[in-house]
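The values are calculated or read from the model by the stated rules, or taken from the named source; none is laboratory data. Everything numeric here is computed off the predicted structure, so don't read it as measured data. Virtual Cβ from ideal backbone geometry, glycine too; neighbours counted across all protein chains shown. When the accessible area is computed, the model is the full protein with side chains, heavy atoms only, and any ligands, DNA or RNA have been set aside. Shrake-Rupley method; radii C 1.70, N 1.55, O 1.52, S 1.80 Å.
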Amino acid sequence: MREKFHASLEGNIRTLAFGLPRLGPNREYKRLLEAYWQGSLPREEFLQALEDLEGLRMATYREHVDLYPAGELSLYDPMLDLAVALGVYPVEPFDLEGYYALARGKGALPLRKWFGTNYHYLVPRLPEKPRYTPRRGFFPYPVGQKTPGSAEGLPTLLGPYTLLRLAQNPPERVEDHLEALVEAYAELLEPFAGTLFLLQEPALGLDGVERDLPHLLKAYAALAKRVPLVLLSYYLPPASEVVRSLANLPLRGLGVFPVGEALPKLPPGMALVLGVVEGQGVWRTHLLALGGILPLLEGQEVWLAPKAPLFHLPWRVDEPLPKALEGRLAFAVERLQELSLLKELLTDGQGPAGHLEAATSPSRAYQAARAWPSGTRAP
């Protein structure tokens, strides 16, 4: 099987990961934030410590995968960051007090579960009239950032459709806001011309997207003229009609769920971002079990990725483990390692012997987890 993979995909494989937990290996983020709120950690020390944590995250990505985002280390919540960056709330860059007033206390925005996961996001309220005043200082938020196009990661942002669908007051007609949002996004993207840009749109898997699709296609086409755009959708697989339409856009990459024969054939120059390892589940991936899907990709450029952001997982598996769990768990760092190993298997047919054995012989716990209902615990 490895030889077959090697023959069909050599030279077309890269790895992309996103959502590495901002909590850090030992929950440093939580302790820093609480210390700053309590007044025991000065502002400059707080920001420097966050930048150090971002540096660790970037180094961890860089060690294992080819492509990864920069600017993920939000000061509190990415949806709040987006609302502030678009001028929905009049918070000036570096105004930490104004920013955190929206996250805690009497003036805090309501919380809601993020696509049914255990993560809760702050729910912004859209302006009554579709007017947005972008503030570049908040995009990406100036923590751990390098110059545009640097080797330290790719700029990323949640997309306009996710904002519209998940707001407190979703508009009845998304087109009323999309035009104004595209103008605001275009201004935010201006410093990144020529740089791969990751636009994350998990809302593309929600019901009702087909109704909004003509307006979304127009919006994404306009943004793709500004930057080489990589459109990522996760959690819920978009409808086949949506995937086919998105595949006709001038995108640099398109991320969709792998669903058997429904994998799209993308035009030359557009990479298929393929979710192959879990972003929420904790059982190790049986890499060679992917053989039923990957041979369908002959001739395509493929970026191997997680199926969801990795922030739902702990940082890494700590040793020692109970004997029953040894070699069976995979958290965020192990997911990066799995992506790297899968690329090795596909491009040269080789991998570290111990990991290769695990990949070809999945544990009984993993096999049980594959058949276990989502949201419950495997035996």
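Assorted remarks:
- Added length on full extension, which subtracts the Cα-Cα distance from 0.36 nm per residue, A221 to A324: 32.0 nm
- Residue-count net charge about M270 - beta-carbon cut-off 12 Å; Lys, Arg +1, Asp, Glu -1: +1
- Stretching the chain fully between W37 and R136 yields a gain of 33.1 nm (0.36 nm per residue, less the alpha carbon separation).
- Ordering of 157-165, 23-31, 316-324, 241-249 by packing is 157-165, 241-249, 23-31, 316-324, highest average first (other Cβ atoms within 10 Å, averaged per residue).
- Members of K30/K113; K265/K307; K113/K225; K106/K129 lying beyond 28 Å, as alpha-carbon distances in this model show: K113/K225
- Solvent-accessible area, 1.4 Å probe, carbon plus sulfur percent, for segment 176-334: 53
- Separation in nanometres of the label points that stand 7 Å from Cα toward Cβ, at E44 and S240: 6.1
- Residue-by-residue Karplus 3J(HN,Hα) for segment 27-33, coefficients 6.51, -1.76, 1.60, Hz, glycine and proline x: 6, 4, 4, 5, 5, 4, 5
- On segment 66-124, 55 percent of the accessible area sits on carbon and sulfur atoms, based on a 1.4 Å probe.
- Between V273 and L254, G255, V256, W303, the built amide H atoms are under 5 Å apart, and every one of these is 5 or more places off in sequence or on another chain.
- For L158, the residues whose amide H sits under 5 Å from its own are Q200, ignoring neighbours fewer than 5 places away on the same chain, with H placed 1.01 Å from N.
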